[in-house]
Amino acid sequence: MPTSSIPVITIDGPTASGKGTVAQRVAQHLGFHYLDSGALYRLTALSALRSGTALNDEHALAKLAGALPCTFVGEKILLANENVTEAIRAEEVGNTASKIAMLPTLRQALYGLQLRFRMAPGLVADGRDMGTVIFPHAPLKVFLTASVAARAQRRYKQLIGKGFSANMEDLLKDLTERDARDANRSIAPLKPAEGAYLLDTSDMTADQAVEQVLAWYASVKKLA
Ligand code: DC
């Protein structure tokens, strides 16, 4: 099957909108591969923090991103054979990822790596620019949103569940700042792709959101 005919479902949205959970479940349901593109920015951020790379050194950061020794094994994420699945979820790493994601050379360095996830029988890709930049011709593009309050609540539960400490007020502030940074940057800003289906999950369970995405996919497949 030529790569260009391998189906892709893109799920973009702001931080803690639930896109990761929904994308993973949709991929599982369809037997598709899954790309968590945010993890690549987080892995670069973790590498930068650990190596003491200055967060304004675009060239050095792009070099780190272009040579990330990362492996995805099921739900496990390895960096040079170290299991960093939990470590990359820390708030400091997420905030750093959001800051360095503004750098065009770094985004370019991650471009090819993301395309390589497109493998038969299909791919579900989640992030900020999956539908706008990386897979603009995907047959189904979804933009998932939820209110800041609903997202802060979800992130709080997620962090506590993973054994991190969390403070609701700080989370609300971080989310709002990160939304603004992700949406207002000049390169690949967070916004719905052309033709994207919008899904507000504030009052939805993850199962309901998954069902909706699967229903949309079934309908676009019928039209293809
Ligand atoms: O989805 P996430 O919270 O794991 O992503 C972490 C940061 O990475 C996010 O704040 C912005 C950046 N990111 C991006 O710029 N483009 C993507 N496709 C995915 C993530």
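At residue 119 and residue 223, where each label point lies 7 Å from the Cα along Cα→Cβ, what is the point-to-point distance in nanometres?
3.0
Helix-only estimate, please: 222 nm mean residue ellipticity of the chain, summing -39500 (n - 2.57) across DSSP H runs of length 4 or more and dividing by its residues, to the nearest 500.
Helices in the chain give a 222 nm mean residue ellipticity of -15000 deg cm²/dmol.
Beyond 21 Å between alpha-carbons counts as too far, so tell me which of 141/221; 19/222; 63/191; 76/191 fall in that bin.
19/222; 63/191; 76/191
For 5, 202, give the ranking by accessible area with the largest first, probe 1.4 Å.
5, 202
Quote to one decimal, in nm, the extra length available between residue 207 and residue 167 on full extension: 0.36 nm per residue of separation minus the C-alpha distance between them.
Going from the current span to full extension adds 11.7 nm.
Evaluate E = 1/(1 + (r/R0)^6) for residue 51 and residue 92, where r is the Cβ-Cβ distance and R0 equals 22 Å; express this FRET efficiency to the nearest 0.05.
E between residue 51 and residue 92, to the nearest 0.05, is 0.90.
Once you have the Cα-Cα distance between residue 157 and residue 108, take 0.36 nm times their residue separation minus that, and quote the gain in nm to one decimal.
This chain segment gains 14.3 nm when fully extended.
Just flag the GluC sites (Glu not before Pro) in segment 129-224 sitting in loop per DSSP whose Cβ has no more than 15 other Cβ atoms within 10 Å.
194
Whole angstrom only: what separates the Cα centroid of segment 16-69 from the Cα centroid of segment 161-183?
18
With every protein chain left in place, what is the accessible area of residue 165 in Å² (1.4 Å probe, nearest 10)?
110
What is the percent carbon and sulfur in the accessible area of the chain, measuring with a 1.4 Å probe over the protein chains and ignoring ligands?
Result for the chain: 54 percent of the exposed heavy-atom area is carbon or sulfur.
Among the helices of the chain (complete DSSP H runs), which have Cα atoms covering no less than 15 Å along the helix axis and a Kyte-Doolittle mean of at least 0.0?
Those that clear 15 Å and a mean of 0.0 are 37-51, 104-115, 206-223.
Among the trypsin sites (Lys or Arg not before Pro) in segment 132-224, which ones are in a DSSP loop with at most 13 other Cβ atoms within 10 Å of the Cβ? Mind listing them?
162
The values are calculated or read from the model by the stated rules, or taken from the named source; none is laboratory data. Keep in mind that what you see is a predicted model, and the values were worked out from it rather than measured. Reconstructed Cβ throughout: ideal geometry from the backbone, glycine too, with neighbour counts over all protein chains shown. Only protein heavy atoms, including side chains, enter the accessible area calculation; ligands, DNA and RNA are left aside. Shrake-Rupley method; radii C 1.70, N 1.55, O 1.52, S 1.80 Å.
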